[in-house]
1. What number of residues in the stretch 117-138 are part of a helix (DSSP H, G or I) and either buried (at least 17 other Cβ atoms within 10 Å of the Cβ) or touching a Ser or Thr at 6+ places or on another chain (Cβ under 7 Å) (or both)?
2. Please pick out the residue among L111, L167 that is in contact with an Asp or Glu (Cβ under 6 Å, 6 or more places away or on another chain), closer than 24 Å to F69 by Cα and modelled with pLDDT of 95 or more.
3. Against the condition at pLDDT below 95 and among the charged types (D, E, K, R), how does E56 come out, does it pass?
4. Which of the numbered conditions does V54 fail, given that it passes all the others? Conditions: (1) more than 20 Å from C150 (Cβ to Cβ); (2) crowded, with 19+ Cβ neighbours inside 10 Å.
5. If you scan the stretch 105-121, which residues turn out to be touching a strand residue (DSSP E or B) at 6+ places or on another chain (Cβ under 8 Å) and closer than 24 Å to A61 by Cα?
6. Condition first: within 18 Å of the chain's Cα centre (by Cα) and of a type in the set (D, E). Now tell me which residues in the stretch 107-149 satisfy that.
7. What are the residue pairs meeting all of these: first residue in the stretch 7-20, first residue without any contact (Cβ under 8 Å) to a residue 24 or more places away in the chain, second residue crowded, with 16+ Cβ neighbours inside 10 Å, Cβ atoms under 6 Å, and 6 or more apart or on different chains?
Amino acid sequence: MGTVTIGVSIAVPEPHGSLLQQRRAGFGDAAAHGIPTHVTLLPPTEVGEPDLAVIEAHLGAVAAAGRPFAMRLSGTGTFRPLSPVVFVQVVEGAEACAGLQQQVRDPSGPLARELQFPYHPHVTVAHGIADEAMDRAYAELADYRAEWACTGFGLYEQGADAVWRKLRDFTFGGAVVPPQAAHVERGTIPSR
């Protein structure tokens with residue numbers, strides 16, 4: 001049996017996801033069309049194909065214990081010079097994302113692993129491209145804003161063509177959407 005490369009992430013919903021993917025491509029990031037717009041919970045991780053069933057059961061348990069929460073993106077940030085990345089910042093929902101990624105990478109679970117860098121939830125809009133293009137991404141998306149209710153996450157697999165494809169959605173088990181998250185979903189929370 002072979003191995004596969006998987007990732008776990010929160011998809012940025014439409015129309016925001018496509019818009020940021022198009023902007024990323026427009027900055028010259030060749031990987032843009034192969035990577036759906038997302039907030040990472042588990043970075044690319046190689047696993048044995050036979051382990052996928054156990055991994056899906058683990059992620060199902062994490063989702064079942066989860067509750068919907070408000071997500072808000074606002075402005076840009078960068079990991080330069082440490083890493084050649086420009087991103088849109090997660091300004092609401094970051095704590096919930098951090099808790100989720102810890103549960104996904106539970107040391108006693110099938111996805112236990114160390115991270116190369118400390119976890120920082122974000123939405124990448126430029127990676128590994130010319131500095132001038134990175135500067136343009138940072139400046140042009142500085143006023144970007146988006147809000148939605150996060151109701152779950154997805155398991156993705158990277159194909160031989162380097163394109164990431166969703167294998168499965170995992171919806172949070174919480175039956176009640178918090179009032180604030182429900183308002184965000186309908187777009188009624190005013191911008192701050």
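The values are calculated or read from the model by the stated rules, or taken from the named source; none is laboratory data. These figures come from a predicted structure and were not determined experimentally. Here the Cβ positions follow ideal geometry from the backbone for every residue, glycine too, while neighbour counts run over all protein chains shown.
1. Step one: filter the stretch 117-138 for residues part of a helix (DSSP H, G or I), giving 131-138.
Next cut, either buried (at least 17 other Cβ atoms within 10 Å of the Cβ) or touching a Ser or Thr at 6+ places or on another chain (Cβ under 7 Å) (or both) only: 134, 136-138.
Going through the stretch 117-138 one residue at a time, the tally reaches 4.
2. Working: L111 fails: in contact with an Asp or Glu (Cβ under 6 Å, 6 or more places away or on another chain).
Answer to the selection: L167.
3. Values: at pLDDT below 95: no; among the charged types (D, E, K, R): yes.
Here the answer is no, as E56 does not meet what is asked.
4. Tallying (1) more than 20 Å from C150 (Cβ to Cβ); (2) crowded, with 19+ Cβ neighbours inside 10 Å, V54 fails exactly one: (2).
5. To start, the set of residues in the stretch 105-121 that are touching a strand residue (DSSP E or B) at 6+ places or on another chain (Cβ under 8 Å) comprises 105, 110-111, 113, 115-116, 121.
Matches in the stretch 105-121: R105, P110, L111, R113, L115, P121.
6. Selection gives E114, E147.
7. Taking only residues 6 or more apart or on different chains, the pairs are G17/T37.
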